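Written out below as structure tokens is the structure these notes cover.
The values are calculated or read from the model by the stated rules, or taken from the named source; none is laboratory data. Computed from a prediction, not measured in an experiment: that's the story for all the values here. FYI the Cβ positions are ideal-geometry reconstructions off the backbone, even for glycines, and counts take in every protein chain you see. Side chains included, ligands, DNA and RNA excluded: accessible areas come from the protein's heavy atoms. Shrake-Rupley method; radii C 1.70, N 1.55, O 1.52, S 1.80 Å.
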Amino acid sequence: YVATSGFFAFSSEDEALLPLPRVCRGPNEDFIAHLLVPSFQSFSAGNTWLSDILSLTPASFLSVSIGGILRKNSYWHLQAGEERVYTSDQQCREAFLYVFSEAVRCRLRSLDTIAAMMSGGLDSASILATVKQLLPEMPDKEFNTYSAISDHPECCVESQCIHSLTKDLGTRAHFVSVPSFQGM
């Protein structure tokens, strides 16, 4: 959002605010300094790359009055959980796999087809592997993946990973070919 004297605008993306006449495109040097040197103290949550554009922090909302008074409030705070101590690496792995599998299972609730974006990276590969383990428990569910791949997959490691991870999905693995960027 942008809030300057007598002006307020908001959007889900920075790019939508940039064409507005009262929005400065100058960089926010404090934000950049904080990214480069995390101990830099002049940083506040909500800053963005651009000096005039701010963002809401997670679990918060913003109220704007007709007079231009802004009030930010938080509607939720993460509570510290109990510390868990595991007697072995195996016990720790089992606990993680249980929590991770439950997180994936919760996101498979659907009245229709289940789908995921498959990037070929560790995150989506882990989710795909877990979904494949959970699907036999849900015989009425179909799972599809969607991936952007290189138009020359033999030259792109990520595209090769995607093909390897989705080979047993058959026609349920969907690919969008992205042109290679060569030269100007």
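Can you confirm whether the range 81-101 contains a residue that is under 24 Å from the mean Cα position of the chain (by Cα) and modelled with pLDDT under 90?
Yes, that holds for at least one residue.
Do we have LEU35 as touching a residue at least 60 places away in the same chain (Cβ under 8 Å), among the hydrophobic types (A, V, I, L, M, F, W, C) and within 27 Å of HIS77 (Cβ to Cβ) here?
no
Please determine whether any residue of the range 148-156 is surrounded by fewer than 17 Cβ atoms within 10 Å (Cβ to Cβ), under 24 Å from the mean Cα position of the chain (by Cα) and in a helix (DSSP H, G or I).
Within the range 148-156, none of the residues are surrounded by fewer than 17 Cβ atoms within 10 Å (Cβ to Cβ), under 24 Å from the mean Cα position of the chain (by Cα) and in a helix (DSSP H, G or I).
Is there any pair linking a residue in the range 130-149 that is more than 26 Å from VAL99 (Cβ to Cβ) and among the β-branched types (Val, Ile, Thr) to one that is modelled with pLDDT under 90 and in a loop (DSSP other than H, G, I, E, B), with Cβ under 9 Å and at least six apart or on different chains, and which?
These pairs meet every condition: ILE149/GLY120; ILE149/CYS156.
Does the range 119-146 hold any residues that are more than 16 Å from the chain's Cα centre (by Cα) and open to solvent by less than 40 Å² (accessible area, probe 1.4 Å), and which are they?
Residues satisfying the conditions are LEU128, THR130, VAL131, LEU134, LEU135, MET138, PHE143, ASN144, THR145.
Taking the range 74-92 on its own, how many of its residues are surrounded by 10 or more Cβ atoms within 10 Å (Cβ to Cβ) and of a type in the set (Gly, Ala, Ser)?
Residues flagged as surrounded by 10 or more Cβ atoms within 10 Å (Cβ to Cβ) and of a type in the set (Gly, Ala, Ser) within the range 74-92 amount to 1.
Between ALA95, ALA116, which is open to solvent by less than 100 Å² (accessible area, probe 1.4 Å) and under 29 Å from GLN160 (Cα atoms)?
ALA116
Out of the residues in the range 98-113 that are open to solvent by 30 Å² or more (accessible area, probe 1.4 Å) and of a type in the set (Val, Ile, Thr), which is nearest to THR166 (Cα to Cα)?
So the residue we want is THR113.
Given THR4, THR48, THR57, which one is open to solvent by less than 50 Å² (accessible area, probe 1.4 Å) and not acidic (Asp, Glu)?
Residue meeting the stated conditions: THR48.
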